[in-house]
Structure formats: structure tokens, C-alpha cells
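Comments concern the structure below.
The values are calculated or read from the model by the stated rules, or taken from the named source; none is laboratory data. Remember, predicted model here, so these are calculated numbers, not experimental data. A quick note on method: Cβ atoms are made from the backbone with ideal geometry, for glycine too, and the neighbour counts reach across all protein chains shown. Note: accessible area is taken over every heavy atom of the protein model, side chains too, but ligands, DNA and RNA are not part of it. Shrake-Rupley method; radii C 1.70, N 1.55, O 1.52, S 1.80 Å.
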Amino acid sequence: MPQSISASRVATLAGDFHRSPAYVGLADALRELIGDGRIGYGTRLPSERDLTTALEVSRTTVTRAYAVLRESGFAEARHGSGTFTRLPGGPTRAYDRALWPTDVTPGVIDLVCAAATAPPGIAAAYAEAAADLPAHLGGHGYYPAGMPDLQEAIAASYDDRGLPTSSDQIIVTAGALAATAVVGSALAGPRERVLMESPTYPNAVQALCVGGGRLVTIPLDPEGWDLESVDGVLAKRKPRLVHVMPDHHNPTGLVMSDADRATYAAMLKRHGATAVVDEAHHTLRLDGGPAQRPFASFSPDTITVGSASKSVWGGLRLGWIRAPRGLVDQLTRARIGLDLGAPVFEQLVLTKLLTGDFDAVLTAHRDRLRLQRDALVAAMRAELPDWTFRTPSGGMALWCRLPAVGATALVDEVEGRGVLMAPGPSFAPEGGLDRYLRFPFTVPAPQLEEAVRRVAAAWATVRAGTSTPPGRERPGGVLVA
């Protein structure tokens, strides 16, 4: 049976669409809903009559809106069955061959890439930015440190968090990973050590060591940071840079307390090390309670890396560096050795978001992640009760401890059942962690529940020793988030 959606639900999702003319506004709203997945691919839309009643518009408005959807490739009419959603180019139009090195088949659930679809309001920001773009075409278009309006908007976001920041402390980059690479290139040469946690975000390891820095790792306890061990490593190994993710750590979901931030900052100062703080997930606080203070408020020498890709959308490839003034010139020079600036259009989009109703965008994003997290937790407890995990207060994933070693074997087995995942060793810079599995909650709840059922069946097969070894070596998908 095809999935369907009620007229009342469509009316709720479409919200207060623009009505001049109404059929264009309704078509635009429906295209955004279908495009970002809030109305799924292949879903039967309400009848024209039902949607007319639910939206309190004329029948002509709905008829013409559906016609626009069909003409633009976002819907198709099936004789005797109704109107069904589709996407221009098909459901796999967005899959890059690096992420999907083998053929994409229907029903595959991607849980390697821990990134969500765009929240409501993003398409409108792009449209507004497009209207402003002509005013910038008369210039050269190069902004190695970022467009001034965007620098000011990012600086203001730190002011709002209680960390006074001026626009000249901000360097805009093409994503947080690019920002991390700039820092590594500028400050961690071949003779410098770089301390990173294990587990950690694997791509940050390569980025921070791009200048030749030598990697040093320290285990991150599942319950939090062992600051005594950190102090010992700082004293013995004397790292130049220390990579820290204190806000909804990827992949563990841990959050560092203000007291631990203060202690950590004091240790860094005592040992002459500079913190590189990854705040890509700091906006993704899903539960109540006060937010922790920015790490840089305890350690003025901290270099902070931020990202729009997690708080907004992965397709908005923008990040930034907030740096002490004494390092801005050095970092800017290193940045020019990597690229000459982020795209103007993307910067206009982010400026529109940050200076508009950004709280509404974040609220919609967090509400969706919270529902998906809770659905995943419930499914895990029902299907895999002997697995252990902390329910994270934010972020995008559960960090699961398996009853026995075997995460890599499980990932191989469940891939054959149509679920792609990343095992614990993917997050261990120097190996290990095969008793852990990252389980993102970035896809809709029904997909998460189905994924858990498939994972549970695959785990039973692995535990029984009856899993089938891969018949040939297959290239794995790239872990990008």
C-alpha cells in the first residue's frame, strides 16, 4: 500500500504560504515539503476537494498548484489513484558516488552520513539571497576572511552567548572541516604534536594534521572527560594544539560542564597548549536546562570552529573560525594557501538566516531531531535491550555499546539488509572501539524503526556465528558527518 498524507496534515505543514497568487504559494510550499522529505517520496497527496476544504482556498488554487507540481517534476498523476509525490531525477538524485560507491537500491537506509534534511525556511532564504545577488556582481567576489555583513552576524551570535567578539575575529570558510584544516596548516607543523580524543570525528584528524602535525590521542571515557589523564598527557607530550568537542560531542553526545571547561582551560594555559574547539553541534541542544558557556570564555587563546551545516543544512557549505586577534593574520595567510574564500551566494544565504528569524529555523530543526531521537531510543530498548547507551541531550546520534565485540562484522552484515552504518573503529584514530556503533537519528522515525529491526536481525546473525563473509571487497562509503 502506498503511503498517504491527510489534508489536515498538509495544511499544517504548508502553514501560512504566500497567496499572491495563492496557487504559486501553495506549489512553492509543497515543493519545499517534498524536497526536504517532510512529505515523503511516493506519497499520495490529498484529493483536490479535501485539500481545498482544509486550506480554505478555492478548488482552482489546488488544481493549479498540483499542475505546477507535475510540470516541475515534484508530482505525478496516476489514473484512478490520485496524485503522488516524486522528485526531479528520481529518489537517488542527491547521492554522490563517493557516498554511494555501489548501486543505490530502493529501501536502503543511510546511517553513515549523520546529517538531516533542510528544516523549513531554507528555500525562502535562498530566494531572498538570489534577489540580493545582482548588487554584488559588480565586485571581484573574493572575500578571504568573509563578507563583512556575515562576519558581523557571526560575531553577534557569540555576543549573544556572552562571549564578546568583533567581526575582525571571524574568518568564514567553506565548512567547519575547511576551518579545521586552516588551523592545522597554520599552527601544527611537522614538529608539532596535535592531541585528539578517541573516539572523535575522523575527518577532523586529517584536517588538523594537514600541516604535518603528529597525532597524539587520549581515550574519551563514555561518561565524560578524564581531566586527570588529560593533564598527564599535556605534561608528557607537550602538544601544540588540543582538539576538543565540548558541546554534544560527535559521536558520543557528551557535554562538558562549565566546571570542567574551567579546569581544562587552566590546564591548557599551564602547559602552553592552544584549544581548537569544534562547536559544530552546539546549537543542537534538544533538552531543557541552561546552555554551557562557550569554551573560549574560559580560555581566551581558544580557536573556535563553527558550522552552518549542522544547525542549518549540510548543503550550506559554510563554517568559520573565531580566533584571538593575535592569530587572525596568521590564519588568514594559511587560509589563502588552501582557497581564496567561500562562495558569495552561500554567504548571502547565511547572512539572511542569521539576521532573520533564525530561532524559528533552529526550533524546527531541533523539534524534528528530538522526535527522531525519542523514536530511536524507544525502538532500541524494544529490539536491542542488551545494548547500552546514554540518551544524549543533543546532537545527532546515539553512541551504542554492544554486548560483545563485533561492530565491524555487524556493519558488514546489516549492509546486506539495506542499512549503511559506521562502526566504532571509524571514530578511533589509532584503532579499537569495535564494541561501539554510532546510530544517527537524522532520518524520519519510520526509517529509524525499520533500521533498528534490520540491525537487530543482523546482530542476531553475527552473535550466532552464521553471518556470511563478504564475497568480494567493496569500497566503503565516505563518512562525511
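Out of (1) more than 21 Å from the chain's Cα centre (by Cα); (2) open to solvent by 20 Å² or more (accessible area, probe 1.4 Å); (3) in contact (Cβ under 8 Å) with a residue 24 or more places away in the chain, the odd one out for Gly431 is which?
All conditions pass for Gly431, except number (3).
Does the stretch 299-323 hold any residues that are in a loop (DSSP other than H, G, I, E, B), in contact (Cβ under 8 Å) with a residue 40 or more places away in the chain and over 18 Å from Thr252 (Cβ atoms), and which are they?
Ala308, Ser309, Ser311, Val312, Trp313, Gly314, Gly315, Leu316, Arg317, Leu318, Ala323
List every residue pair whose Cβ atoms sit under 6 Å apart, with the two residues 6 or more apart in sequence or on different chains, where the first one lies in the stretch 8-37 and is more than 18 Å from Tyr126 (Cβ to Cβ) and the second, anywhere, is open to solvent by 50 Å² or more (accessible area, probe 1.4 Å).
Sorted first by the residue in the stretch 8-37, then by its partner, the pairs are Leu13/Arg38; Tyr23/Arg64.
Tell me the residue from Ala153, Ala98, Ala174, Ala127 that is over 19 Å from Val305 (Cβ atoms) and at pLDDT 90 or above, please.
Ala127
For Tyr66, state whether it is in a loop (DSSP other than H, G, I, E, B) and either over 21 Å from Pro120 (Cα atoms) or hydroxyl-bearing (Ser, Thr, Tyr) (or both).
no
Among the residues of the stretch 141-149, are any in the same structural domain as Thr283 (by the TED database) and not in a loop (DSSP other than H, G, I, E, B)?
Yes, that holds for at least one residue.
Which ones in the stretch 207-224 are open to solvent by 30 Å² or more (accessible area, probe 1.4 Å) and either under 29 Å from Thr391 (Cα atoms) or in a strand (DSSP E or B) (or both)?
Selection gives Arg214, Leu215, Thr217, Pro219, Asp221, Pro222, Glu223.
Identify the residue in the stretch 164-179 that is in contact with a strand residue (DSSP E or B) (Cβ under 8 Å, 6 or more places away or on another chain) and not in a helix (DSSP H, G or I) and, among all such residues, is most open to solvent (accessible area, probe 1.4 Å).
Looking at residues that are in contact with a strand residue (DSSP E or B) (Cβ under 8 Å, 6 or more places away or on another chain) and not in a helix (DSSP H, G or I), I get Ala174.
Across the stretch 58-74, what is the total count of residues that are at pLDDT 90 or above, farther than 14 Å from Phe17 by Cβ and in contact with a helix residue (DSSP H, G or I) (Cβ under 6 Å, 6 or more places away or on another chain)?
So the count comes out to 2.
Condition first: of a type in the set (Val, Ile, Thr) and over 21 Å from Ala323 (Cβ atoms). Can you find one or more residues in the stretch 254-276 that meet it?
Yes, the stretch 254-276 contains at least one residue that is of a type in the set (Val, Ile, Thr) and over 21 Å from Ala323 (Cβ atoms).
From Val377, Val361, which residue is of a type in the set (Val, Ile, Thr) and closer than 22 Å to Pro222 by Cα?
Result: Val377 is the single residue among Val377, Val361 that is of a type in the set (Val, Ile, Thr) and closer than 22 Å to Pro222 by Cα.
Just for the stretch 320-341: of the residues that are at pLDDT 95 or above and open to solvent by less than 10 Å² (accessible area, probe 1.4 Å), which one is nearest to Arg366 (Cα to Cα)?
Checked the stretch 320-341; the qualifying residue nearest to Arg366 (Cα to Cα) is Ile321.
Of the numbered conditions (1) of a type in the set (A, V, I, L, M, F, W, C); (2) in a helix (DSSP H, G or I); (3) more than 17 Å from Ala11 (Cα to Cα), Ala77 satisfies every one except a single condition; which is it?
With (1) of a type in the set (A, V, I, L, M, F, W, C); (2) in a helix (DSSP H, G or I); (3) more than 17 Å from Ala11 (Cα to Cα) applied to Ala77, the lone miss is (2).
Within the stretch 225-251, take every residue that is within 22 Å of the chain's Cα centre (by Cα) and not in a loop (DSSP other than H, G, I, E, B) and give me the one that is farthest from Arg191 (Cα to Cα).
Among them, the one singled out is Val244.
Given the criterion assigned to a loop (DSSP other than H, G, I, E, B) and either within 28 Å of Gly288 (Cβ to Cβ) or touching a residue at least 24 places away in the same chain (Cβ under 8 Å) (or both), identify the matching residue among Leu338, Leu371, Leu348.
Unique residue meeting the criteria: Leu338.
Among the residues of the stretch 263-281, are any acidic (Asp, Glu) and buried (at least 23 other Cβ atoms within 10 Å of the Cβ)?
Yes, there is a match, as at least one residue in the stretch 263-281 is acidic (Asp, Glu) and buried (at least 23 other Cβ atoms within 10 Å of the Cβ).
Take Glu56 and decide whether it is surrounded by 17 or more Cβ atoms within 10 Å (Cβ to Cβ), charged (D, E, K, R), over 32 Å from the mean Cα position of the chain (by Cα) and more than 18 Å from Pro120 (Cβ to Cβ).
No: the conditions fail for Glu56.
Taking the stretch 1-34 as the search range and keeping residues that are touching a helix residue (DSSP H, G or I) at 6+ places or on another chain (Cβ under 6 Å) and open to solvent by 70 Å² or more (accessible area, probe 1.4 Å), which one is nearest to Glu76 (Cα to Cα)?
By that ranking, first place goes to Ser8.
Please pick out the residue among Leu241, Leu318 that is in contact with a Gly (Cβ under 8 Å, 6 or more places away or on another chain) and under 20 Å from Ser166 (Cβ atoms).
On inspection, the qualifying residue turns out to be Leu318.
Do the conditions hold for Leu376, that is, is it in a helix (DSSP H, G or I) and touching a strand residue (DSSP E or B) at 6+ places or on another chain (Cβ under 7 Å)?
Yes; evaluated as a whole, the condition is true for this residue.
Give the residue that is farthest from the chain's Cα centre (by Cα), with candidates limited to residues of the stretch 264-298 that are of a type in the set (A, V, I, L, M) and assigned to a strand (DSSP E or B).
Among those that are of a type in the set (A, V, I, L, M) and assigned to a strand (DSSP E or B), it is Ala275.
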